[in-house]
Amino acid sequence: MSVPIAPKHPDPIIRFSGVHKRFGPKIIYTGLDLDVYPGEVLTIIGGSGVGKSVMLKLLLGLIGIDSGSITAFGEEVTTMAPAQLTGLRKRIAMLFQGGALFDSMTVAQNIKYPMLEHGWGDVAARTTRVAEVLEMVGLPGVEHLYPAELSGGMRKRVGLARAIAVQPDVILYDEPTTGLDPINIRRINGLIRSLQARLGVTSIVVTHDMDSAFTVADRFAMVRDQRIGYTGSRTETERSEIPWVREFVVGGKGVLAD
């Protein structure tokens, strides 16, 4: 049973409607419905293997749906031609698990990659932009380093710098704190919130870390029974009396915040 909340904005920036998806015999979604509103941080939670990351890949057109509809900025994603999908991926950037940096490229080359792919700026503008986004993520002056010379937390932050380089409207975070120590977890969570405020972006965060989820989220959506079974604000989620929501939250977060 979904818990309705009043949206902050009248029109969603992203909408999943009646989405069905399966991989062979494995059913992922049977009627996924979810709206994402401009400027919010929406956190997707749910058990392992329920398709949280698949949702992000469906949105980007990296994999196709079996039926249903996905719209972004008022346009149908599922029927986009390759050139349209390239344009979509300029407006919707993704931070993959591990950062997904190219080992053979320097930090600067990694960050410039999407800028070159999307024809963003000239040589001087791209160089300036690299310095700007590295400053935003707290890593000034590392342009010349290679991924192998970076810690796990630094690689995640460089991946985030690359994601914001082309000034997207939406940032997708796929398990952004996995494998990080507590200091870097706090750092990444702080960056998610600060970039949302500073850049005015919409953020969708997939995580199983409930401490992080409650740190960054404005609103929660929980995947259950191959669809979104629950949505609610941070306060509504903390106070939810739905047994399976409370079990997941308490089990993943420990003691609830006051």
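The numbers here are math on the coordinates, done by the rules we state, and not lab data. Quick caveat: nothing in here was measured; it's all calculated off a predicted structure. Ideal geometry is used to build each Cβ from the backbone, glycine not excepted, and the neighbour counts take in all protein chains shown.
Matching the structure-derived percent of Cα pairs over 29 Å apart against the labelled list (i) 25; (ii) 49; (iii) 30 gives the label (iii). Listed peptides 54-62, 212-220 appear in the order 212-220, 54-62 once ranked by packing, highest mean of other Cβ atoms within 10 Å at the front. DSSP bridge analysis restricted to the chain gives an antiparallel fraction near 55%, rounded to the nearest 5.
Every helix of 4 or more DSSP H residues in the chain counts as -39500 (n - 2.57), and over all residues that averages to -11500 deg cm²/dmol at 222 nm.
Taking label points 7 Å from Cα along the Cα-to-Cβ direction, Glu236 and Glu135 give a separation of 4.0 nm. Computed over the chain, relative contact order equals 26 percent, with contacts defined as Cα pairs under 8 Å that lie 6+ residues apart.
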